[in-house]
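The values are calculated or read from the model by the stated rules, or taken from the named source; none is laboratory data. Since the structure is predicted, the reported quantities are computational estimates derived from the model, not experimental observations. When we count neighbours, we look across all protein chains shown, and the Cβ atoms used for this are built from the backbone with ideal geometry, even at glycine.
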Amino acid sequence: MDKVKEGKIEINVPTGRIYDAAVFYNKDAEIVRDISVAVLSVFKTKVEDIEMLDALSASGVSGIRYVKEVGVKAVLNDNNPKAIELIKNNIELNSVEVEVSNKDANLIMRERLFDFIDLDPFGSPSIFMDSVARSLKYNRLLAVSATDGGALSGSFPNACFRKYAIKVGRTPYYSELGIRVLITFIMNSFARYDKAFRPLLFLIYKHYYRVYGIIEGSGKVTKMLKQYGTIDNIGPIYLGPIKDDEFIKQVIDELEKRDFKNKDKEIAILTKILREINVPFYYDISKMHLAKVPAVHDIILKLKENGFEASRSSLCDTGVKTNAKLEEFMKIL
Ligand SMILES: C[S@@+](CC[C@H](N)C(=O)[O-])C[C@H]1O[C@@H](n2cnc3c(N)ncnc32)[C@H](O)[C@@H]1O
């Protein structure tokens, strides 16, 4: 075992290569966990008594951090008995009170309702989402990760259709496509239970696709579904807003107050997301076969001068988000 520090906790994690270990722990995801702590803290200013489920807990790192750093009640669940041993050890190490559960995640989510669920699977969240939709209460918070970028972002259309029932293909805007496939899949799952999902924040960090959002009542389902469409033979896919700027500002303020070692990087990630406009997808100018590629900054200025909305994309350095149609965009280029 190695001892590692993250946020306000110290935990034991297996030594050696991540995927050979008896229990999973990825140091790289610390940045995502820091942001999640800040997200839950902001949410807790609106909803006081939060009972949460860390559905796939592994070492317990996320759940223990939520308890210690946000002050929520938590159930830490994993179906791997070795993970349960380690979770118990890490709970003791950090002197926190936490409920531990050694069940299939689908089972516990069928049995109980929660105010916040963090779902962080190996690969795809697809086999758990129906239970998540059943288990989350109205007006409560969801955080979901996925690491199957190839399926989500259009490299493996058959895998995407199998897991998410959405038709995709290769596109220049593949990273945002991945986020929107994940969001659409979450929405579809909740719609079956007459619940709507309102996205608050998305991010891609290394191979982690991560989405946060609020579960809303049945009155919002129709509005959500009306924002679906088909584009470039892709779909049906949600084309509405995928973030809430007010919420993101509060998360940035929360990060400012914390002493996370990667805080500057985390704030930079969120600031980039905050600055992008809420228009679906982007034009990637590096993929447009231009003889001379203009600077993204100049293109955005020109688009704005011509009355269009425009910004960078947080997911693609050479991406331009705009409400200009392709023809209009090419003229400006
Ligand atoms: C990617 S790891 C979770 C990482 C953890 N959330 C973190 O922040 O480090 C996925 C975990 O899910 C557990 N798992 C896989 N299938 C499961 C199931 N059906 N029910 C419960 N746990 C499961 C695995 O044992 C593994 O510990």
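Residues in the stretch 6-18 that are within 10 Å of the ligand (Cβ to nearest atom) and surrounded by fewer than 16 Cβ atoms within 10 Å (Cβ to Cβ): how many?
Result for the stretch 6-18: 1.
Yes/no matrix, rows are residues, columns are (1) in a loop (DSSP other than H, G, I, E, B); (2) in the same structural domain as residue 257 (by TED's automatic domain parsing); (3) near the ligand (Cβ under 9 Å from one of its atoms):
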position	(1), (2), (3)
24	yes, yes, yes
29	no, yes, yes
34	no, yes, no
41	no, yes, no
49	yes, yes, no
53	no, yes, no
57	yes, yes, yes
66	no, yes, no
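Does the stretch 305-318 hold any residues that are outside any strand (DSSP E or B) and surrounded by fewer than 20 Cβ atoms within 10 Å (Cβ to Cβ), and which are they?
305, 306, 307, 308, 309
Checking residue 164 against (1) within 16 Å of the ligand (Cβ to nearest atom); (2) over 26 Å from residue 245 (Cβ atoms); (3) hydroxyl-bearing (Ser, Thr, Tyr), which single condition isn't satisfied?
(1)
Of all residues in the stretch 39-88, how many are of a type outside the set (A, V, I, L, M), surrounded by fewer than 20 Cβ atoms within 10 Å (Cβ to Cβ) and in contact with a strand residue (DSSP E or B) (Cβ under 8 Å, 6 or more places away or on another chain)?
Count: 5.
Tell me which residues, restricted to the stretch 278-289, are outside any helix (DSSP H, G or I) and either among the small types (Gly, Ala, Ser) or surrounded by fewer than 16 Cβ atoms within 10 Å (Cβ to Cβ) (or both).
278, 288, 289
Can you tell me how many residues within the stretch 127-161 are part of a strand (DSSP E or B), within 13 Å of the ligand (Cβ to nearest atom) and not aliphatic (A, V, I, L, M)?
1
Which is touching a residue at least 40 places away in the same chain (Cβ under 8 Å), in a helix (DSSP H, G or I) and of a type in the set (D, E, K, R), of 243, 321, 265, 302?
None of the other options fit; the residue is 265.
Answer yes if at least one residue in the stretch 97-106 is part of a loop (DSSP other than H, G, I, E, B), touching an Asp or Glu at 6+ places or on another chain (Cβ under 9 Å), within 12 Å of the ligand (Cβ to nearest atom) and not aliphatic (A, V, I, L, M), and no otherwise.
yes
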